[in-house]
Amino acid sequence: MSDNSSSVSAQQAASDEAWKLGGALTLYTVETVYRECMGRLSTVPDLTLDLSGVDSCDCAGLQFLCAAKKGLSTAPGKVRVENLSEAITAAAEGIGLPLSEITHSPTIV
């Protein structure tokens with residue numbers, strides 16, 4: 001099975017501590033996103049994930065976001081999640097996951 005939307009594009013936002021994700025946050029991409037996130041956390045004390053550009057999300061993507069909120073257990077810095085896309089909120093609602101498990105103050109775009 002091929003997933004044409006399985007690539008995640010990452011753009012550096014205005015601050016060195018912000019990272020805008022776009023594309024799919026799924027089983028096919030979450031490992032790459034996790035590695036990139038850990039790499040970024042090794043160079044900055046805190047990282048903000050802007051999720052407004054995520055156009056598809058599955059349970060693996062939601063699991064990553066829950067781990068990000070909890071601090072990615074082995075990460076040296078902290079991760080803040082903001083600007084949840086409609087795809088992320090729909091995936092969370094679809095499995096009954098409260099948005100508070102992903103972010104402290106959900107901002108939906």
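The values are calculated or read from the model by the stated rules, or taken from the named source; none is laboratory data. Nothing here was measured: the structure is a model prediction, and the numbers come from that model. Don't worry about glycine lacking a Cβ; one is built from the backbone with ideal geometry, like all the others, and counts go over all protein chains shown.
Numerical summary
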{"read-out": "Where a residue in the range 20-33 is at positive phi and crowded, with 17+ Cβ neighbours inside 10 Å and its partner, wherever it lies, is of a type in the set (S, T, N, Q) and not in a loop (DSSP other than H, G, I, E, B), with Cβ under 9 Å and at least six apart", "value": "GLY23/SER9; GLY23/SER56"}
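Yes/no per residue for (1) in a strand (DSSP E or B); (2) modelled with pLDDT of 90 or more; (3) of a type in the set (Gly, Ala, Ser):
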{"residue": "VAL33", "(1), (2), (3)": "no, yes, no"}
{"residue": "MET38", "(1), (2), (3)": "no, no, no"}
{"residue": "THR43", "(1), (2), (3)": "no, no, no"}
{"residue": "GLY53", "(1), (2), (3)": "yes, yes, yes"}
{"residue": "GLY71", "(1), (2), (3)": "no, no, yes"}
{"residue": "ALA75", "(1), (2), (3)": "no, no, yes"}
{"residue": "ARG80", "(1), (2), (3)": "yes, no, no"}
{"residue": "SER100", "(1), (2), (3)": "no, no, yes"}
